[in-house]
1. With +1 on each Lys and Arg Cβ and -1 on each Asp and Glu Cβ, and nothing else charged, work out how big the dipole of the range 34-145 is about its Cα centre, in Debye to the nearest 20.
2. Compute the signed sum of charges (Lys and Arg +1, Asp and Glu -1) over the other residues within less than 14 Å, Cβ to Cβ, of Ala101.
3. Show me the trypsin sites (Lys or Arg not before Pro) within the range 106-214 that DSSP assigns to loop and that have at most 13 other Cβ atoms within 10 Å of their Cβ.
4. With the cut-off at 15 Å, report for the range 161-225 the share of all Cα pairs above it, as a whole percent.
5. Which percent of Cα pairs goes in each bin when the distances of the range 35-95 are cut into 5 angstrom slices starting at zero?
6. List the aspartates and glutamates whose alpha-carbon lies under 12 Å from that of Lys194, not counting same-chain residues fewer than 8 positions away?
7. Using the heavy atoms of the protein chains and a 1.4 angstrom probe, tell me the accessible area per residue for the range 101-227 in square angstrom.
8. Tell me, what is the 1.4 Å probe accessible area of Glu191, in Å² to the nearest 10?
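The values are calculated or read from the model by the stated rules, or taken from the named source; none is laboratory data. Given the structure is predicted, the values throughout are model-derived calculations rather than measurements. Cβ coordinates were reconstructed from backbone atoms using ideal geometry, including for glycine residues, and neighbour counts include every protein chain displayed. What goes into the accessible areas is simple: the full protein's heavy atoms, side chains included, and nothing from ligands, DNA or RNA. Shrake-Rupley method; radii C 1.70, N 1.55, O 1.52, S 1.80 Å.
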Amino acid sequence: MAEAPNEEGGKRRRAVPASAKPTSRVRMSAAQRREQLISIGRQIFAERGFDATSIEEVASRAKVSKPVIYEHFGGKEGLYAVVVDREVRALLDRITTALTAGHPRELLEQAALALLGYIEEETSGFRVLVRESPVLSATGNFSSVMNDVAHQVEHILGAEFSSRGYDPKLAELYAQALVGMVALTGRWWLEVRKPRKETVAAHLVNLSWNGLSHLEAKPGLITAGGR
């Protein structure tokens with residue numbers, strides 16, 4: 001094709017359309033690629049669970065080959081462990097940071113709101129945590145987070161029990177009961193999302209606090225004793 005003359009009688013090159021110019025792909029750094037794979041893995045594990053998630057699907061969504069994932073994590077188990085570890089730390093940090101009040105009732109409110117806030121804002125992360133997996137032990141999942149929170153609640157209840165004349169040795173039992181109630185309610189609320197989290201937290205605190213404030217020093221079972 002002839003070239004168009006320029007004003008000086010010479011020839012100028014015909015402009016190449018922008019769409020015809022070769023595009024260069026921006027290459028991710030190793031750290032960026034790792035974060036991308038963690039984010040994609042987190043989403044797929046939340047959607048499908050550990051067993052139904054495949055390295056092929058993670059690689060496909062990330063637009064990389066499978067060896068890239070093996071290079072970073074050693075396999076699906078390694079990727080899953082990293083995802084869960086991050087969520088465990090994020091949830092525990094959120095709850096621990098929230099516990100700033102001096103009054104036990106306010107502490108209950110803060111703990112309940114912190115958990116429900118995490119569920120609301122980090123839904124995928126919470127789904128990953130509450131799914132059962134054969135890969136991890138009880139030290140790396142939702143149960144481990146709740147156990148850590150229960151230990152903190154135990155110390156608070158222990159002091160309260162001593163000041164009210166209750167047996168402080170029972171604080172651990174009550175702490176597990178309180179945290180278990182909040183945790184199970186949180187799993188239920190994950191699916192229904194109503195009423196709003198503040199209302200759910202208020203009712204949780206209503207049940208737990210009013211129950212604690214009317215404890216019997218030595219409770220018994222009315223159905224026991226040969227009925």
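1. My answer is approximately 220 debye.
2. That sum, taken over residues with Cβ under 14 Å, equals -2.
3. Passing both the DSSP loop test and the Cβ count: Arg193, Arg196.
4. 62
5. It works out to 4, 19, 33, 24, 12, 6, 3, 0, in whole percents.
6. Cα-Cα hits under 12 Å: Glu120.
7. 57
8. Roll a 1.4 Å probe over it and Glu191 shows about 120 Å².
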